[in-house]
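Structure first, then comments.
A short reminder: the numbers here are calculations on the coordinates, not readings from a lab. Since the model is a prediction, treat every value here as computed from it, not as a measurement. Cβ coordinates were reconstructed from backbone atoms using ideal geometry, including for glycine residues, and neighbour counts include every protein chain displayed.
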Amino acid sequence: MIKFSDLNLNPKVLKAVEEAGYETPTPIQAGAIPPALDGRDVLGIAQTGTGKTAGFVLPMITLLARGRARARMPRSLVLCPTRELAAQVAENFDTYTKHLKLTKALLIGGVSFKEQDTLIDKGVDVLIATPGRLLDHFERGKLILSDVKVMVVDEADRMLDMGFIPDIERIFGLTPFTRQTLFFSATMAPEIERITNTFLSNPARIEVARQASASETIEQGVVMFKASRKDREATEKRKVLRMLIDAEGDKCTNAIIFCNRKMDVDTVSKSLKKYGYDAAPIHGDLDQSQRTRTLDGFRAGDLRFLVASDVAARGLDVPSVSHVFNFDVPSHAEDYVHRIGRTGRAGRDGKAMMICTPRDEKNFEDIERLIQREIPRIDNPLGHIGSEAQGDTATETAPEKKPASTRSRSRSRSRKTDDTPQAEAAGDTKVEIKPAAAPKQTEKPVAEVQPEPTPVAQPDSRTDSAENSRPNASENKRSTSSRARGGRDDRGGNRVTGLGDHTPTFIEKSFAERYDG
């Protein structure tokens, strides 16, 4: 059996490893460390929780033990997709460099630029960063990458999912061509393989497990859940989650609950708190300080349930997580492997359960196809949904359309009749519908009837009887002219727009002389 002492690591690094309590390397560490120490590019493919972080940190520290960093010119670079994973790499670096004088800087979002600029200006041996924040520093002229000797890309497939591949390609172009590249991923998508073929030179490929495979120490299960009614699905689904937790009892010492959307993370967390469960949310919209406090509390055992989005699926290294609950079926099958990989770490036993609704069945089939095994079904704690519940849904949803149409008819009728507001508010359909059969009223407001093109042959019933006795051409012209101005003749009882309550006498005379003369 290979031991760390057989891997030709720096003696001071070996001492730190022994003090951390490790003697035997994992398969990915045993396969990646020797070629990395020889200066070769490395392509490591291994399932989550197998120690990939130490697989590149240990050889990198050994290679950097000699030499000194210059201001704004880091000697090595580690790229991580999330802040949590970057922070975990920084913790590993602190653990294994306790006997060496190597410096580091952590460049992540949520932290002020000023503090990070101060570290970079002093010169660092290892720069650990997320792609976006790294490029921000570079574009501000605070960072020079021409002295990078070792470059590490961790969780490359997650980089692809989060849309960081263009940034990764740009960063590769900013580093020297002679750099050594260590590339680690749990899956090998075609886009990832294209990048490795482009930027890695004759890499040593270490694949210690079948791609996208789950650890054998994790017991898996799924609840095929169908709600009694569509509008109750979210409520009943949260109840199923609570019943699954209760069924595990004391075996569930702590757990991570994954949701697909940030808003669901908050909702599930609040629901668990309401029912007495010790839970807290973590997702990308929270402040970095709050995310750090939540993770520290979970690692310390002060927090029992961590409700998370996929931002926490990578980078959480809490060896004692007993359970993982997938409240939602992940949209990407690879994410399922990373989610359940938060439990059953370092050879421990773990349990992962998932709730699958009918609309998630396609994604669920993709997961089973990816891991090449059937996930055992768990009985629905709420029981089976009968046809009576579906019938109730139909009877309750049907009346919803009726009040809407009745109200619209009621409002249109209220403009034509003198119904009281109380009747309209009450929505009395019988009272409102009956006047529709009555004959048309002869008098209607002028504003609701469009004028006829040439009302010369017939008397206009919309004006007073005195005016109907003079249907001559001048009157028609005056009426047409006043309507064209946006108003109406004052003789019809309507005011002229913009001239107050009545038409001035001199305007009325001038029009009369003009048209009648």
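Points to keep in mind about this one:
- A simple packing score, the average count of other Cβ atoms within 10 Å per residue, orders the peptides 185-197, 326-338 as 326-338, 185-197, with the highest score first.
- DSSP assigns beta bridges within the stretch 4-207; of those with both partners inside it, close to 5 percent run antiparallel.
- Spatial offset of the stretch 285-347 relative to the stretch 111-137 amounts to 26 Å, using the alpha carbon center of each.
- Shape category assigned to the stretch 261-345 from the gyration tensor of Cα positions, a/c cut at 1.5: rounded
- Neighbour-count ranking [beta-carbon atoms within 10 angstrom, fewest first] of 64, 182, 241: 64, 241, 182
- Centroid-to-centroid separation of the stretch 70-104 and the stretch 11-50 [C-alpha atoms, Å]: 16 Å
- The packing ranking, built from the mean of other Cβ atoms within 10 Å per residue, places the peptides 233-240, 76-83, 29-36, 103-110 in the order 76-83, 29-36, 103-110, 233-240, highest first.
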